[in-house]
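Read the structure below first, then the notes.
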């Protein structure tokens, strides 16, 4: 019997623990426990980070990381290192760096991927769609005309033409910190 909405389901039960913030905090090698928040596992010092394979660039108070579950190729997030939920609770330095890193992300993606547009936004709180609402993060999603093609609409499946590691390398190697001339 098919589902009422006629969409196929791709079951990913491991994702539920991530969304609920219930990920394991102890490492199997009995090393120091990991923070439960996946964003807090990434630190300004690459040597102390435990989950930083998708980090594009680190700043002093904020960083850029690819979304592990992207809507489109290049979907990344800009966020402070500090575990803070509300935008109004950011320090002036965090606010400035999040804004500058967002601008740099837009410049970089324009140079690398030539998207037609972007979605940039923050979901404040679970009711607004924030699955990890305890740690503020701003999404930067490149968009192309027709990127919601028949596969998404008819097949209920999103296709991504590039591995996350390849996208991370491409963006990191071409990071734009100043305006394009």
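Of the residues in the range 157-176, at least one is out of contact with any helix residue (DSSP H, G or I) (no Cβ under 8 Å at 6 or more places or on another chain) and modelled with pLDDT under 70.
Is there a residue being at pLDDT 85 or above, farther than 24 Å from residue 97 by Cβ and assigned to a loop (DSSP other than H, G, I, E, B) anywhere in the range 136-144? Yes, the conditions are met somewhere in the range 136-144. All of (1) modelled with pLDDT of 90 or more; (2) assigned to a loop (DSSP other than H, G, I, E, B); (3) loosely packed, with under 15 Cβ neighbours inside 10 Å; (4) over 16 Å from the mean Cα position of the chain (by Cα) hold for residue 85 with one exception: (4). Looking only at residues of the range 96-135 that are touching a helix residue (DSSP H, G or I) at 6+ places or on another chain (Cβ under 8 Å) and more than 17 Å from residue 75 (Cβ to Cβ), we find that the one that is surrounded by the most Cβ atoms within 10 Å (Cβ to Cβ) is 133.
The values are calculated or read from the model by the stated rules, or taken from the named source; none is laboratory data. The model shown is predicted, which means the values in this text are computed figures rather than measured ones. We place every Cβ from the backbone using ideal geometry, glycine too, and count neighbours over all the protein chains shown.
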